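Please read the structure below before turning to the comments.
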Amino acid sequence: MLRDIAHRLPADLLSAFALLSRLPLPDHRGTGAASAWAWPLVGAVLGALGAALAASAQWLGVTPGVTAALVLGLAAMLTGGLHEDGLSDSADGLYGGWTRERRLEIMKDSRVGSYGVLALVLVTLARWSALTALLVHGAYGPALVAAGAMSRAPMALVMSLLPNARTEGLSHATGRPGPATALTGLALAVAIGAVLTGWSVVPMTFAALAVTLWLAVSALRRIGGQTGDILGATQQLAELACLAVLSVRA
């Protein structure tokens with residue numbers, strides 16, 4: 001497995017960044033779900049860019065609350081709001097319909113309903129609150145990188161464990177990573193978290209996996225599997241869980 005990853009490293013990294021970010025990259029041939037092991041690296045880089053912005057804002061005397069808002073805004077820009085869109089669509093679909101077909105139809109609708117608005121506002125507010133606390137304590141740099149990495153690994157786990165709920169869409173087009181690929185990504189994320197946050201990686205990992213399990217079970221029961229929207233919601237909830245744990249331990 002490791003030898004295979006080393007052979008595909010350049011293509012997998014380009015594919016992972018192209019899928020999960022809007023960073024300008026050279027044209028490449030995507031490797032789809034095979035690159036899922038590298039998704040935590042994308043999260044770590046995006047988290048590092050957020051940390052750099054936070055450091056610059058703090059140096060200029062910007063307040064922690066405004067700095068946190070700037071960092072969250074940058075994160076949304078760097079991903080094209082991909083995960084936030086998934087969170088709102090998932091909330092609308094999972095809780096706004098009575099049948100599997102209707103829920104999937106709602107999730108595909110570009111309009112945002114009340115459940116989606118509430119989920120997006122509440123989760124973003126919670127992320128802002130946790131990040132503000134980390135900024136106040138000066139512990140934001142490692143936290144942003146570690147949370148960025150840890151929040152991308154659960155997406156591959158959900159893709160590996162749950163079937164596609166529909167025969168179209170981004171998740172279906174990307175394919176399903178094998179268990180070994182998903183677990184390699186998780187191990188990589190935990191390693192990054194351990195280096196940056198020490199033993200805090202243990203509760204952070206459990207918290208991220210707990211919210212992932214809850215969402216995965218909900219998706220399986222209500223729509224019969226996962227979609228790209230479910231994966232986006234997974235990232236948002238896992239990131240919130242990581243930041244919340246780290247803010248308590250700051």
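The values are calculated or read from the model by the stated rules, or taken from the named source; none is laboratory data. Since the structure is predicted, the reported quantities are computational estimates derived from the model, not experimental observations. Here the Cβ is made from the backbone with ideal geometry for all residues, glycine too, and neighbour counts use every protein chain on show. The accessibility values were calculated without ligands, DNA or RNA, using every heavy atom of the protein model including side chains. Shrake-Rupley method; radii C 1.70, N 1.55, O 1.52, S 1.80 Å.
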Run Trp128 past the list (1) farther than 14 Å from Gln226 by Cα; (2) open to solvent by 80 Å² or more (accessible area, probe 1.4 Å); (3) out of contact with any helix residue (DSSP H, G or I) (no Cβ under 8 Å at 6 or more places or on another chain); (4) part of a helix (DSSP H, G or I) and report the number of the one that doesn't hold.
-> (3)
Return the residue satisfying two criteria in turn: it lies in the stretch 210-231 and is of a type in the set (A, V, I, L, M, F, W, C) and open to solvent by 30 Å² or more (accessible area, probe 1.4 Å), and of such residues it is nearest to the chain's Cα centre (by Cα).
-> Val211
Test each condition in (1) under 19 Å from Ala146 (Cα atoms); (2) over 14 Å from the mean Cα position of the chain (by Cα); (3) of a type in the set (Ser, Thr, Tyr) for Thr79 and report the one that comes out false.
-> (2)
Within the stretch 58-76, how many residues are more than 25 Å from Leu157 (Cα to Cα) and surrounded by fewer than 19 Cβ atoms within 10 Å (Cβ to Cβ)?
-> 12
Within the stretch 149-170, can you find the residues that are open to solvent by 10 Å² or more (accessible area, probe 1.4 Å), among the small types (Gly, Ala, Ser) and part of a loop (DSSP other than H, G, I, E, B)?
-> Gly169
Please go through the stretch 115-125 and pick out each residue that is surrounded by 16 or more Cβ atoms within 10 Å (Cβ to Cβ) and either among the hydrophobic types (A, V, I, L, M, F, W, C) or under 15 Å from Leu240 (Cβ atoms) (or both).
-> Ala119, Leu120, Val123, Thr124
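Condition check ((1) open to solvent by 10 Å² or more (accessible area, probe 1.4 Å); (2) without any contact (Cβ under 8 Å) to a residue 24 or more places away in the chain; (3) over 24 Å from Phe206 (Cβ atoms); (4) out of contact with any Pro (no Cβ under 8 Å at 6 or more places or on another chain)) across all residues:
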site	(1), (2), (3), (4)
Glu105	yes, yes, yes, yes
Gly113	yes, yes, yes, yes
Thr132	yes, no, no, no
Val136	yes, no, yes, no
Pro142	yes, no, no, yes
Of Ala207, Ala146, Ala173, the only residue that is assigned to a helix (DSSP H, G or I), open to solvent by less than 30 Å² (accessible area, probe 1.4 Å), under 21 Å from Asp229 (Cα atoms) and among the small types (Gly, Ala, Ser) is Ala207
Output the qualifying pairs, or none if there are none: Cβ atoms under 8 angstrom, residues six or more apart or on different chains, first residue in the stretch 63-91 and without any contact (Cβ under 8 Å) to a residue 40 or more places away in the chain, second residue outside any helix (DSSP H, G or I) and open to solvent by less than 40 Å² (accessible area, probe 1.4 Å).
-> none
From the list Ser88, Ser56, Ser15, which residue is polar (S, T, N, Q), in a helix (DSSP H, G or I) and modelled with pLDDT under 95?
-> Ser15
